[in-house]
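The next block holds one structure in the form of structure tokens; read it before the comments.
A short reminder: the numbers here are calculations on the coordinates, not readings from a lab. Every value quoted in this text rests on a predicted model; they were computed, and no experiment measured them. When we count neighbours, we look across all protein chains shown, and the Cβ atoms used for this are built from the backbone with ideal geometry, even at glycine.
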Amino acid sequence: NAGVTQTPKFQVLKTGQSMTLQCAQDMNHEYMSWYRQDPGMGLRLIHYSVGAGITDQGEVPNGYNVSRSTTEDFPLRLLSAAPSQTSVYFCASSDQGTGSRREQFFGPGTRLTVL
Amino acid sequence: GEDVEQSLFLSVREGDSSVINCTYTDSSSTYLYWYKQEPGAGLQLLTYIFSNMDMKQDQRLTVLLNKKDKHLSLRIADTQTGDSAIYFCAEKPSGGYNKLIFGAGTRLAVHP
């Protein structure tokens, strides 16, 4: 299994550009999430999905869109990039489990810089 | 609201024990986690503890949970240079989606 994969690894955008960060998992996990990591702060939840066709907002959703058309893929779209969106973005997935610890598996991250 | 706090930096000598501390605010949290992040990589689950436990030991790792004070600690025995990383404390509040609340991370530096 590849686990959770993310592309691209690095990206530089100009203010106002749009782009999509890709995330895929091959573990048949129902839950998928997007986090951003900023210096001196923990990971903050942007959007999440509990299954194909179902998404919801996390803590910092503004400026981002998501969709979940398949179990495997959970892309994150930046509609009009702003310098405040410069960050490292992590995708994570987990299974539903049965009262289990529901370990989240993280991708390697995408480092985004908005000029 | 939900909040997780941890000190940002810890420096230890190789072979010594490291203790990383964390406080959280949500007393209903069901699981508490320690994740490790190595440079340029994603987060990897190191260990976890269920909220009805006081202690969990896993080889060189010992997790202590004080529910009364909402305090969690991670002890790494015989710390090695390969343990140098950022360690994140996270809590999972009860109910709902598998949402995690992360602390800012503690950077552990191990020197000879």
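With a Förster radius of 41 Å, plug the Cβ-Cβ distance of A:Thr20 and B:Ser7 into 1/(1 + (r/R0)^6) and report the FRET value to the nearest 0.05.
Details: r = 37 Å, r/R0 = 0.90.
With R0 = 41 Å, the Cβ-Cβ based efficiency is 0.65.
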ask   = Per-residue mean of other chain beta-carbon atoms within 10 angstrom of the beta-carbon, peptide A:55-65?
value = 1
Trypsin sites (Lys or Arg not before Pro) restricted to DSSP loop in segment B:1-103 with at most 11 other C-beta within 10 Å = B:Lys68
Interchain or long-range residues, amide H under 5 Å from A:Glu59's placed H = A:Leu45, A:Ile46
note = With DSSP loop assignment and no more than 16 other C-beta atoms within 10 Å, the trypsin sites (Lys or Arg not before Pro) in segment A:1-98 are A:Lys9, A:Lys14
key: Relative contact order for chain A, counting Cα pairs under 8 Å that sit 6 or more residues apart, in percent   = 35
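What shape does the protein assembly as shown have by the C-alpha gyration tensor, where a ≥ b ≥ c are the square roots of the eigenvalues, rounded means a/c under 1.5, and otherwise prolate means a/b greater than b/c and oblate the rest?
Verdict is prolate for the protein assembly as shown.
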note = Counting only residues 5 or more apart in sequence or on a different chain, those whose built amide H sits under 5 Å from that of B:Ala109 are B:Leu10, B:Ser11, B:Val12
remark   = Between B:Ser27 and B:Leu45, the two model label points (7 Å from Cα along the beta-carbon direction) sit apart by a distance in nm of 2.7
inquiry  = If I model a spin label as a point 7 Å beyond the Cα along the Cα-Cβ vector, how far apart are those points for B:Arg75 and A:Ser80 in nm?
reply    = 5.5
